[in-house]
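Quick notes on the structure that follows.
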């Protein structure tokens, strides 16, 4: 999911209390607000607002040319442990063509990301509205498992 060339930019996201973290738009690394460089790739920290950062995440997946690459990118989102990304991930599933692996990858990612949070909205929406019957069924199974 690494962007080829160009300047890296990071954004800040307020989390619990006064703790703030930054997200690198080059490698999507997470690091403290007081850092002036990404600890994962070394890119300079420059501000984007939260909404721009969310769009950048979606763009990275959309720009990935191969389905396997998109599935790997989606799985990487799940490993990041950021439940606030759930709605953006669900949007990725809706943009994927029926029968493609991305929709099922999003459901798996959401299960990992939302495990134990009690959040059901993304699964309900996918179960009710997704064009691919396999994605709808996977979302329903996730709901039954209590994800």
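For the stretch 89-104, taking the residues that are buried (at least 19 other Cβ atoms within 10 Å of the Cβ) and at pLDDT 90 or above, the one that is nearest to the chain's Cα centre (by Cα) is identified as 90.
Closer than 26 Å to residue 20 by Cα and without any contact (Cβ under 8 Å) to a residue 60 or more places away in the chain: is that true of residue 78 in this structure? Lay out the reasoning, then the answer.
Details: closer than 26 Å to residue 20 by Cα: yes; without any contact (Cβ under 8 Å) to a residue 60 or more places away in the chain: yes.
Judged against the criteria, residue 78 is a match.
Looking across the stretch 121-147, the residues that are touching a residue at least 24 places away in the same chain (Cβ under 8 Å) and farther than 15 Å from residue 100 by Cβ come down to 121, 122, 123, 125, 129, 139, 142, 145, 147.
Screening the stretch 35-61 for residues that are in contact with a helix residue (DSSP H, G or I) (Cβ under 7 Å, 6 or more places away or on another chain) and modelled with pLDDT of 75 or more and picking the one that is farthest from residue 121 (Cα to Cα) gives 60. When you check residue 75 against the structure, is it assigned to a helix (DSSP H, G or I) and surrounded by 16 or more Cβ atoms within 10 Å (Cβ to Cβ), yes or no? The answer is no for residue 75.
The values are calculated or read from the model by the stated rules, or taken from the named source; none is laboratory data. On a predicted model such as this, the values are computed, not experimentally measured, just so you know. Please note: Cβ atoms are built from the backbone with ideal geometry, for glycine as well, and neighbour counts cover all protein chains shown.
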